[in-house]
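Below: one structure in structure tokens.
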């Protein structure tokens, strides 16, 4: 087992035969930001997914417990407004390939916590 260092590198390592399989997000080989298809035109012929997990949340915006709720609301509202604005959305896409935000509550993460528990991981141990 090896750590490839990034999702892109997982796709490249499988493509080049450096490893037999890898774990990454499903569209890494077609993701525009990664541009693996541009660098390796036959990657779709050589790399395929064999299993798909339940959806795993990523790139969330979280706040420390002690942050004033008014400040949290201002930041949240600002990010939502930025993502809804065509110019702001373009900036988010260029900075980190973010195409939008969705306001959720803690129940949104319940399915992921269940996946962790099935794997023998207590989600509480991941919080510091």
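Only the coordinates and a few stated rules stand behind these numbers; no lab work does. Since the model is a prediction, treat every value here as computed from it, not as a measurement. Please note: Cβ atoms are built from the backbone with ideal geometry, for glycine as well, and neighbour counts cover all protein chains shown.
Out of these labelled values of percent of Cα pairs over 19 Å apart, (i) 64; (ii) 44; (iii) 49, which was calculated from the coordinates shown here?
(i)
How high is the relative contact order of the chain? Use alpha-carbon pairs under 8 Å, at least six apart in sequence, and give a whole percent.
Result for the chain is 15 percent.
Starting with the fewest neighbours, write out 82, 1 ranked by other beta-carbon atoms found within 10 Å of each beta-carbon.
1, 82
Take residue 61 and residue 108, extend 7 Å from each Cα along the Cα→Cβ direction, and tell me the distance between the two endpoints in nm.
1.0 nm
How far, in degrees from 0 to 90, does helix 7-16 lean away from the longest principal axis of the Cα atoms of the chain, to the nearest 10?
For helix 7-16, the angle is close to 10 degrees.
What does the helix-only formula give at 222 nm for the chain: each DSSP H stretch with n ≥ 4 adding -39500 (n - 2.57), the total divided by the residues, and the result rounded to the nearest 500 deg cm²/dmol?
Result for the chain, helices only: -12000 deg cm²/dmol.
In addition: What FRET efficiency, computed as 1/(1 + (r/R0)^6) with R0 = 30 Å and r the Cβ-Cβ distance, is obtained for residue 126 and residue 93, rounded to the nearest 0.05?
Result of the calculation: an efficiency of 0.55.
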